[in-house]
Amino acid sequence: MRRCTSCACKTLYLAITKAVYKNNFQIKLAQTILKRNQVNLLIIEPENEAIEQWIE
């Protein structure tokens, strides 16, 4: 199996806590910026070390 080393094959996610998402990323301006820049989010809950949500 050949491994791909180009960035085009990888998806980057910005990991943020659930609290940060609720307080800062649910406003309309933030949503517009995320969509326009195609930012993927990974919402985490650090207390129980769990992934809460993937947002593409």
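I'd like the residue in segment 4-19 that is assigned to a helix (DSSP H, G or I) and either touching a strand residue (DSSP E or B) at 6+ places or on another chain (Cβ under 8 Å) or modelled with pLDDT of 85 or more (or both) and, out of all such residues, is surrounded by the most Cβ atoms within 10 Å (Cβ to Cβ).
So, considering only residues that are assigned to a helix (DSSP H, G or I) and either touching a strand residue (DSSP E or B) at 6+ places or on another chain (Cβ under 8 Å) or modelled with pLDDT of 85 or more (or both), the one surrounded by the most Cβ atoms within 10 Å (Cβ to Cβ) is 18.
Restricting to segment 20-44, name every residue that is open to solvent by 60 Å² or more (accessible area, probe 1.4 Å), part of a helix (DSSP H, G or I) and within 11 Å of residue 56 (Cβ to Cβ).
The answer is 35, and nothing else.
Which residues, taken from segment 45-56, are open to solvent by less than 80 Å² (accessible area, probe 1.4 Å) and part of a loop (DSSP other than H, G, I, E, B)?
46
The values are calculated or read from the model by the stated rules, or taken from the named source; none is laboratory data. Bear in mind that the values here come from a model prediction, so they are computed numbers and not experimental data. So basically every Cβ, Gly included, is an ideal-geometry build from the backbone, and we count neighbours across all protein chains shown. Just so you know, the surface numbers come from the protein's heavy atoms only, side chains and all, with ligands and any DNA or RNA stripped out. Shrake-Rupley method; radii C 1.70, N 1.55, O 1.52, S 1.80 Å.
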